[in-house]
1. Sort out which residues of region 69-102 are crowded, with 17+ Cβ neighbours inside 10 Å and at pLDDT below 95, and write them in order of number.
2. Would region 230-249 turn up any residue that is buried (at least 16 other Cβ atoms within 10 Å of the Cβ) and over 21 Å from residue 65 (Cβ atoms)?
3. Look through 154, 181, 122 and report the one residue that is closer than 22 Å to residue 39 by Cβ, touching a residue at least 24 places away in the same chain (Cβ under 8 Å) and buried (at least 17 other Cβ atoms within 10 Å of the Cβ).
4. Could you look through region 44-66, keep only residues that are free of Cβ contacts under 8 Å to residues at least 60 places away in the same chain and buried (at least 16 other Cβ atoms within 10 Å of the Cβ), and pick out the one that is nearest to residue 123 (Cα to Cα)?
């Protein structure tokens, strides 16, 4: 017992120190569950994982299940983070079912400017698709890029407006797909948040599709968050609907 008591005391003080450090940090900010990425970066020296599940009904004959979808991030400094995206995809089309890993994406988020007046808080996100780092049925032919500028305005203490503009390539065709998102974020309590969002994809040589979604986030602690969201297609060529849930943490 005489050795056990000092150990308990030490663990208590370690726990108190960790709790105080966590309280001093800003609550975790994630790029999920919406399509609109946040301009916020992972704090310097911290590792963050955003994990999720996504079910999407494309049409009467096709649906897809992405589980897990993983975004891993590391804060290099206050202006720069490293990013890695890994997704396991299952597509059912008629009687056919195909499963495997999508091509891995590596990239970065770079802080551009803080919010000042009408100038939004802005960051740049860029990824490189690695065509052969994928399951056989999901490999691409070429290296490909995707990028977006991510911006955010504070409208009120509990209200924000965020939007993204960018483009991506699939590594199969040379055509770009342009991206836009527009989201309103709400803070209901210190732990509960929500959003409503409009987003779309405009292929270079095809008709654009548009969707609407919304969801909720809940802070388990300053370093852990869960989310739930869903959306519907607004145009005939958009997915019929989708639902998603996730768990994010940082250490």
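1. none
2. Yes - at least one qualifying residue is present in region 230-249.
3. None of the others qualify; the one that does is 181.
4. Residue satisfying both the conditions and the ranking: 66.
The values are calculated or read from the model by the stated rules, or taken from the named source; none is laboratory data. Not measured: the values here are computed from a predicted model. Quick reminder, even Gly has a Cβ in these numbers, built from the backbone with ideal geometry, and neighbours come from all protein chains shown.
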